[in-house]
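K.L.:
Starting off with a structure, shown below.
The values are calculated or read from the model by the stated rules, or taken from the named source; none is laboratory data. As the structure is a computational prediction, the values presented were derived from the model and not from experiment. Neighbour counts are summed over all protein chains in view; Cβ atoms, including those assigned to glycine, are modelled from backbone coordinates with ideal geometry. All accessible areas refer to the heavy atoms of the entire protein, side chains included, with ligands and DNA or RNA removed. Shrake-Rupley method; radii C 1.70, N 1.55, O 1.52, S 1.80 Å.
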Amino acid sequence: MIVIMKSEAGTREIDAVLQRLNEMGLSGHLSRGVERTIIGVVGQTFPELKEMLNALEYVEDVVPISKPFKLASREFQPEDTIIQVGNVRIGGPEIVVMAGPCAIESEDQLMDTARAVKAAGATILRAGAFKPSTSPYNFRGLGKEGLELLAEARKQTGLPVITEVLTPADVELVAQYADILQIGTRNMQNFVLLEEAGRTNKPVMLKRGMSATLQEWLLSAEYILARGNGQVMLCERGIRTFETYTRNTMDVAAIPAIAKLSHLPIIADPSHAAGRWSLVSPLALASIAAGADGLIIEVHPSPDHALKDGAQSLNFENFGRLLPQAESVAAAVGRRLAKPTVTI
Ligand code: PEP
Ligand code: MN
């Protein structure tokens with residue numbers, strides 16, 4: 001349930017409600033809106049709670065949240081969450097473009113790609129150091145060495161970096177290097193990992209499980225939010241269907257649906273949805289039209305030679321062609337692409 005405070009409630013009155021919740025073994029999460037403060041009550045609630053909270057001073061109303069996900073819901077927070085990453089704001093009027101290779105393969109490969117995507121207009125660099133792999137015989141990433149290369153790429157280009165963390169034990173290490181922690185589709189319901197990411201102060205991009213419903217996905221986000229990390233963005237990356245021509249099926253409807261259900265930013269990953277580079281740009285444009293707050297796109301200097309996900313990676317030229325088109329579609333829906341503001 002949520003506790004809606006009276007507009008004149010100050011810090012002291014809000015703290016009193018939080019303290020009362022703590023005494024009852026519950027926790028309160030604040031959402032300070034422009035007009036009023038809402039406290040989301042998390043924990044095992046009981047029938048008398050509504051009346052008890054209603055009796056507290058400066059409480060305007062106590063409303064049950066109808067959805068099983070609470071902190072992620074629009075009911076708890078009507079305003080969009082905006083996540084600041086360096087100079088980039090994710091979830092506001094501007095659309096962010098994250099781009100880079102699926103996996104970090106070498107210094108040259110990463111630096112060349114970082115420079116190329118920046119020159120084309122991307123504002124965040126993506127690249128995996130710890131790679132989930134369906135087959136144990138495939139490339140699984142450079143690990144810590146990859147993270148160090150990523151830090152170097154950030155230093156050279158000024159682009160913030162997003163990279164995947166695979167296990168709870170790696171969260172601390174990856175958080176030392178990453179500006180955004182990525183949690184992949186295969187780990188969407190790794191609840192221990194979610195909680196560990198929730199303990200950091202780093203923004204987290206939570207990809208949709210390949211067979212997850214929107215509700216399951218939002219409940220996974222809830223694990224991170226409930227640990228006190230409010231900087232969560234969601235990423236639609238395609239779901240499993242009967243179709244085999246594409247690697248996954250891009251659920252474009254999930255984009256406006258999430259925007260309706262939740263205040264969290266929603267990013268689209270057309271690369272993993274399509275599995276084929278020729279479909280990436282059309283899906284990217286469709287995602288912007290549907291209201292995505294950002295794109296994450298795989299780009300490689302030589303997709304034919306990529307150690308991972310080459311078939312779905314754009315080369316520099318094709319990525320360069322996409323961005324002006326993305327700008328036009330963004331303008332058609334009243335938005336614009338975020339511009340790189342750093343000059344390094
Ligand atoms: C990736 O981003 O390279 C990746 C492994 O994505 P997903 O978890 O969506 O498969
Ligand atoms: Mn990939």
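K.L.:
Filter region 205-221 down to the residues that are within 12 Å of ligand 1 (Cβ to nearest atom) and in a loop (DSSP other than H, G, I, E, B) and list them by number.
P.N.:
208, 209, 210, 212
K.L.:
A further question follows. With respect to residue 115, determine if the residue is at pLDDT 95 or above, closer than 30 Å to residue 334 by Cα and part of a strand (DSSP E or B).
P.N.:
No, not satisfied.
K.L.:
Just to verify a result, which residue in region 187-209, among those that are open to solvent by 40 Å² or more (accessible area, probe 1.4 Å) and closer than 24 Å to residue 96 by Cβ, is farthest from ligand 2 (Cβ to nearest atom)?
P.N.:
Of everything passing the filter in region 187-209, 201 is farthest from ligand 2 (Cβ to nearest atom).
K.L.:
Within region 108-126, which residues are buried (at least 24 other Cβ atoms within 10 Å of the Cβ) and out of contact with any Gly (no Cβ under 7 Å at 6 or more places or on another chain)?
P.N.:
Within region 108-126, 110, 122, 123, 124 meet the criteria.
K.L.:
Out of all the residues in region 224-257, which are in a strand (DSSP E or B) and open to solvent by 30 Å² or more (accessible area, probe 1.4 Å)?
P.N.:
239, 249
K.L.:
Hey, any hits in region 253-264 for a residue that's assigned by TED's automatic domain parsing to the domain that holds residue 90 and farther than 26 Å from residue 334 by Cα?
P.N.:
no
K.L.:
Quick check: is even one residue across region 137-144 out of contact with any helix residue (DSSP H, G or I) (no Cβ under 9 Å at 6 or more places or on another chain), under 23 Å from residue 270 (Cβ atoms), without any contact (Cβ under 8 Å) to a residue 60 or more places away in the chain and within 16 Å of ligand 2 (Cβ to nearest atom)?
P.N.:
yes
K.L.:
Pick from 36, 89, 12: which is modelled with pLDDT under 90 and either open to solvent by 20 Å² or more (accessible area, probe 1.4 Å) or touching a Pro at 6+ places or on another chain (Cβ under 7 Å) (or both)?
P.N.:
Testing whether each residue is modelled with pLDDT under 90 and either open to solvent by 20 Å² or more (accessible area, probe 1.4 Å) or touching a Pro at 6+ places or on another chain (Cβ under 7 Å) (or both) leaves just 36.
K.L.:
Another one. Return the residues of region 259-309 that are without any contact (Cβ under 8 Å) to a residue 40 or more places away in the chain, more than 17 Å from residue 322 (Cβ to Cβ) and in a helix (DSSP H, G or I); say none if nothing qualifies.
P.N.:
Once the filter is applied, which keeps residues that are without any contact (Cβ under 8 Å) to a residue 40 or more places away in the chain, more than 17 Å from residue 322 (Cβ to Cβ) and in a helix (DSSP H, G or I), region 259-309 yields 259, 304, 305.
K.L.:
Residue pairs, Cβ under 9 Å, 6 or more apart or interchain, first in region 47-59 and open to solvent by 80 Å² or more (accessible area, probe 1.4 Å), second of a type in the set (Lys, Arg). List them.
P.N.:
Matching pairs, first to second residue: 57/6.
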